[in-house]
1. If residue 10 meets every condition in (1) surrounded by 10 or more Cβ atoms within 10 Å (Cβ to Cβ); (2) assigned to a helix (DSSP H, G or I) apart from one, which number is that one?
2. Name the residues in segment 13-32 that are outside any helix (DSSP H, G or I) and either touching a strand residue (DSSP E or B) at 6+ places or on another chain (Cβ under 7 Å) or loosely packed, with under 10 Cβ neighbours inside 10 Å (or both), would you?
3. So for segment 44-65 (the condition being in a helix (DSSP H, G or I), loosely packed, with under 10 Cβ neighbours inside 10 Å and more than 32 Å from the chain's Cα centre (by Cα)), does at least one residue qualify?
């Protein structure tokens, strides 16, 4: 257990508690509450999630737009290649 905490357990927990109180006081001076941090964190995760799906939506739209042009050209070229190959036989 000492290895995980980087030293003896009780002194490490005590140091973490003191550091937490100090950071809490500094955040309180700026008017930041724990619930505000939690909400901002969750809002950030939500925005990242939505941006991911927006990127997927964006890419699918362009994929379909390009496919409307590329697929018929591909089929026409392949058919032309088959017809030319048959004509040479």
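Readers should treat all values here as calculations from the given coordinates under stated rules, not as data from a laboratory. Predicted model only: the values in this text are computed from it and were never measured. Cβ sites come from the backbone with ideal geometry, for glycine too, and all protein chains shown count toward neighbours.
1. Going through (1) surrounded by 10 or more Cβ atoms within 10 Å (Cβ to Cβ); (2) assigned to a helix (DSSP H, G or I) one by one, residue 10 breaks only (1).
2. Step one: of segment 13-32, the residues outside any helix (DSSP H, G or I) are 30-32.
Those that are outside any helix (DSSP H, G or I) and either touching a strand residue (DSSP E or B) at 6+ places or on another chain (Cβ under 7 Å) or loosely packed, with under 10 Cβ neighbours inside 10 Å (or both): 30, 31.
3. For segment 44-65, residues in a helix (DSSP H, G or I), loosely packed, with under 10 Cβ neighbours inside 10 Å and more than 32 Å from the chain's Cα centre (by Cα): absent.
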